[in-house]
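Have a look at the structure below before the remarks.
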Amino acid sequence: MNWNLLVCAFRDHVSYAPDEPAVAAQLSTTTAAGPAWQCLRCGAFVAAPPAAAGPAAAAPPVRRDAELRSALILRIFAVERFLRGLVFAFIAFGIWRFKYSRSSIEHAFDRDYPEFRDLLHGLGYNINSSGGLVGLIRHTFTLDQRTLTWLAIGAAAYTVLEFLEATALWLLKRWGEYFAMVATSAGIPYEIYELADKITVLRAAAFVINVALVVYLVVSKRLFGVRGGKRAYDARLRSESIMQAAIDAAAREPGQAGQVPQIPVPGSPGAGGAEPGAGEPPAAGPATAGRR
C-alpha cells in the first residue's frame, strides 16, 4: 500500500514553489490544464497553484514513507497512554474521595456484600474462593487517612506522567521520543517485579506494550546513537525528500554550481510543527524527484 497517496487522498497535496528558478523547474511542469507542481508528499504533479512559495530551504518539512507509518504508530501509543492516564486519574479521585467517606462505604459494602457475591456467582465467578477483589477492598478499609493521601498523590503523579508522555508522543518531536522512551523504561523494572510476583493477563499486556514502545523508539528513531544516531536519521529523511532531490538535481546542472542548501527535516528543532497529515495513515516508496 502506498501510504503517501493514501494520506494525500484524505488531505491536501503539499506543493511548494521555490524562489530559486533552477529548483522550481525541477518541481514544475506544463500540462494541458496549465502549470502543475509536484506534491512533496506523494510526488504527483497537481495542476493547481502551489500551496506556498519561498526559498527552497524554507520549504515545509513533509513526512513520507516510513515516517508516516511511524507517526501513526506513535499516535496510537499516545492514545493508549492518554487512556491509561484517565484510568489513574479516576483512581486518584476515588481514593481522595474515599478517605473522607470510608465508614459509609464500608458499611454499604458489608450490607450489600451478600447480593454482590450472589450476582457474581450467577455469572460463574466464585468471589469467596478467589478472595482477591474482596481482600483488596477489605484491606483498604484498614488504611489510615495519611496512607490513603499518599496513595492518591502517587496515582495523581502517575496520571500527570502518562498525560505528559501521551502529549510527547502525539507531538512527534524528537525530545518527546526521548521523554517517552525514558519515562516508559523507568517503569519496566517494577513491571518485572509484579510479573515475578504473579503473572496476569493485564500485567503481561502492559509489560509487552511498554517494552515494544521502548524498542520501537530506540531502533526506528535511532535514539542514543543507535544505528548511526540523529545524523543517520536526518540523512535518511533527506534521502526521501522530494524537495532535497530537486535541490540536488538543480545543483548538478551546468551554471548552477554552489553549496546545496539543506532543508529542515520533520521533528528537527528548526522544522516547526508536524506537517498536515503527519499522523494520518502513512506512505511507502519515494516518489520521483521532479521533472521539467
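At a glance:
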{"item": "Looking only at segment 142-198, and only at residues there that are of a type in the set (G, A, S) and exposed (fewer than 13 other Cβ atoms within 10 Å of the Cβ), the one that is farthest from R75 (Cα to Cα)", "result": "A196"}
{"item": "Where V201 falls short, out of the listed (1) at pLDDT below 90; (2) surrounded by 12 or more Cβ atoms within 10 Å (Cβ to Cβ); (3) among the β-branched types (V, I, T)", "result": "(2)"}
{"item": "Verdict on R63 being crowded, with 18+ Cβ neighbours inside 10 Å, within 22 Å of the chain's Cα centre (by Cα), modelled with pLDDT of 85 or more and part of a helix (DSSP H, G or I)", "result": "no"}
{"item": "Pair list, Cβ under 6 Å, 6 or more apart: segment 1-27 residue at negative phi and at pLDDT below 85, other residue surrounded by fewer than 21 Cβ atoms within 10 Å (Cβ to Cβ) and aromatic (F, W, Y)", "result": "none"}
{"item": "Selected residue (only one of G122, G176, G132 is at pLDDT 75 or above, out of contact with any Ser or Thr (no Cβ under 6 Å at 6 or more places or on another chain) and of a type outside the set (S, T, N, Q))", "result": "G176"}
{"item": "Close pairs from segment 61-86: first farther than 14 Å from K221 by Cβ, partner polar (S, T, N, Q) and not in a helix (DSSP H, G or I), Cβ under 8 Å, at least 6 apart", "result": "P61/S268; V62/S241; R64/S241"}
{"item": "Hits in segment 8-47 - residues which are under 15 Å from A250 (Cβ atoms), aliphatic (A, V, I, L, M) and in a helix (DSSP H, G or I)", "result": "A22, V23, A24, A25, L27"}
{"item": "Qualifying position, being over 25 Å from E253 (Cα atoms) and in contact with a Cys (Cβ under 9 Å, 6 or more places away or on another chain), among L5, L68", "result": "L5"}
{"item": "Helices (runs of 4 or more DSSP H) contained entirely in segment 152-253, each with at least 3 residues that are basic (K, R)", "result": "229-239"}
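The values are calculated or read from the model by the stated rules, or taken from the named source; none is laboratory data. Computed from a predicted structure; not experimentally measured. Cβ: placed from backbone, ideal geometry, glycine included. Neighbour counts: every protein chain shown.
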